[in-house]
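The structure appears right after this line, and notes come after that.
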Amino acid sequence: MTRPEGAPVDEYEFTFIYTKNGENKEFTLENMPDSTWKWVETRQKLVKKGYVPPIHDFSITSADGIDITQDVLSDTEFSLLVVANHLENLIRIHL
C-alpha cells in the first residue's frame, strides 16, 4: 500500500482562469497575471501517472464509519477480520 522510495509520482499541469474587464483568460504557473486580474478557478490535468501500489484502495472502517485501517494493520497482536458482502445475511452466533 506504500510507494517505494524514488518511485515516480503523478504529474499535473495546472491552468488558472482569471478575469479582467469581463474577459476570462487562461494562465499557467509560468505566466501568471498581475494583481489587477481576479482569480476565477484553477484546473488541473493529469499529464503523467505515477507509481500505483498493487494494493491502493484498501480501507477498514468501524461500524461508526471511522477509518481504522492503520490501527488494524499496525497491530502486532492477533487480528481476526470478517469480510461480508451483505451484513444483514450474517447468522448471529452466541457462545
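So residue 32 clears everything in (1) of a type in the set (A, V, I, L, M); (2) more than 26 Å from residue 1 (Cα to Cα); (3) touching a strand residue (DSSP E or B) at 6+ places or on another chain (Cβ under 6 Å) except one condition, right? Which one?
If we test residue 32 against (1) of a type in the set (A, V, I, L, M); (2) more than 26 Å from residue 1 (Cα to Cα); (3) touching a strand residue (DSSP E or B) at 6+ places or on another chain (Cβ under 6 Å), just (3) comes out false.
Quick check on region 2-11. Is at least one of its residues surrounded by 10 or more Cβ atoms within 10 Å (Cβ to Cβ) and among the hydroxyl-bearing types (Ser, Thr, Tyr)? Working first, answer last.
The first filter runs over region 2-11 and keeps only residues surrounded by 10 or more Cβ atoms within 10 Å (Cβ to Cβ), leaving 3, 7-11.
Remaining after also requiring among the hydroxyl-bearing types (Ser, Thr, Tyr): none.
Taking every residue of region 2-11 in turn, none turns out to be surrounded by 10 or more Cβ atoms within 10 Å (Cβ to Cβ) and among the hydroxyl-bearing types (Ser, Thr, Tyr).
What is the residue count in region 12-24 for residues that are in contact (Cβ under 8 Å) with a residue 24 or more places away in the chain, open to solvent by less than 90 Å² (accessible area, probe 1.4 Å) and hydroxyl-bearing (Ser, Thr, Tyr)?
Selection size over region 12-24: 1.
Tally time: how many residues in region 63-78 are among the hydroxyl-bearing types (Ser, Thr, Tyr) and either under 24 Å from residue 8 (Cβ atoms) or surrounded by 10 or more Cβ atoms within 10 Å (Cβ to Cβ) (or both)? Lay out the reasoning, then the answer.
Let us first name the residues in region 63-78 that are among the hydroxyl-bearing types (Ser, Thr, Tyr), namely 69, 74, 76.
Add one more test, that the residue is either under 24 Å from residue 8 (Cβ atoms) or surrounded by 10 or more Cβ atoms within 10 Å (Cβ to Cβ) (or both), and what stays is 69.
Total satisfying the criteria: 1.
Among the residues in region 40-53, are any modelled with pLDDT under 95 and loosely packed, with under 10 Cβ neighbours inside 10 Å?
No: region 40-53 contains no residue that is modelled with pLDDT under 95 and loosely packed, with under 10 Cβ neighbours inside 10 Å.
Which of the residues that make up region 25-38 are assigned to a strand (DSSP E or B) and exposed (fewer than 12 other Cβ atoms within 10 Å of the Cβ)?
Here is the first cut: in region 25-38, the ones assigned to a strand (DSSP E or B) are 25-27, 38.
Result: 26, 38.
The values are calculated or read from the model by the stated rules, or taken from the named source; none is laboratory data. A quick note: this is a predicted structure, and the numbers were derived from the prediction, not measured. So basically every Cβ, Gly included, is an ideal-geometry build from the backbone, and we count neighbours across all protein chains shown. These area figures cover heavy atoms from the full protein model, side chains too; ligands, DNA and RNA do not enter into them. Shrake-Rupley method; radii C 1.70, N 1.55, O 1.52, S 1.80 Å.
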